[in-house]
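What follows is one structure encoded as C-alpha cells, with my remarks underneath.
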Amino acid sequence: MQETVLQRKVAKLIQVEVSTILQREAHLNMGRMITLSVVRVTKDIEMAKIYASVFPENDAESVITFLNKNSWETRKLLAAKIRHQIRQIPTLHFFLDNSLQEVEKMEKILSELNIPPADPEEEEK
C-alpha cells in the first residue's frame, strides 16, 4: 500500500508536533523519555498510528496505555498547533515500538554464537 504525498506530509507534521507536546507536557510523558519513531496516517486522514519507544523501558506498556487513555488531550494540544495547516485533526493511537529491544536481543544472540573462523583453503575453491 503506497502512501500519498499528503499522508507523508501530515504524518511528519504530526510526528514533529506530538514530539514537542510530549517533551513539554510533563504530565503526559509520566516523567519518561518518549521517542516517536514512526507515524502512519490513514488515506482519509482520520486516524494516526504513532509508534513510540519509551525509556526506561521497564514500564513502557503502562506509558503507552496512559498515552492512549489521554490521547484526547494530546489531540487537543495538537489541534491548537496545526489547525491552520490541516483541515481535520486525526484521532491518535499510540503503539509501543520495541524494535530497539529486538535488535539488542538479536545482537546478544549473535555474539553468543560460537562460530569457528572460515578455513582459508575452502575460500580459495
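Rule-based calculations on the coordinates, nothing more; no lab input. Keep in mind it's a predicted model, so treat the numbers as computed, not measured. Note that we place each Cβ from the backbone using ideal geometry, even for glycine, and neighbour counts take in every protein chain shown.
Some values worked out for this structure:
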read-out	value
Breaking point among (1) under 22 Å from Asn70 (Cβ atoms); (2) in a loop (DSSP other than H, G, I, E, B), for Glu3	(1)
Condition check for Leu36: of a type in the set (A, V, I, L, M, F, W, C) and in contact (Cβ under 8 Å) with a residue 40 or more places away in the chain	no
Which listed residue, of Leu113, Leu92, Leu77, is farther than 13 Å from Val39 by Cβ and surrounded by 12 or more Cβ atoms within 10 Å (Cβ to Cβ)	Leu77
Extreme residue, farthest from Ser99 (Cα to Cα), among residues of the stretch 15-67 that are surrounded by fewer than 17 Cβ atoms within 10 Å (Cβ to Cβ) and among the aliphatic types (A, V, I, L, M)	Ala26
Pairs with Cβ under 6 Å, 6+ apart, first in the stretch 1-23 and within 21 Å of Lys76 (Cβ to Cβ), second buried (at least 17 other Cβ atoms within 10 Å of the Cβ) and among the small types (Gly, Ala, Ser)	Ile14/Ala48
Residue ID - farthest from Glu61 (Cα to Cα), chosen from residues in the stretch 77-122 that are assigned to a loop (DSSP other than H, G, I, E, B) and among the basic types (Lys, Arg)	Arg87
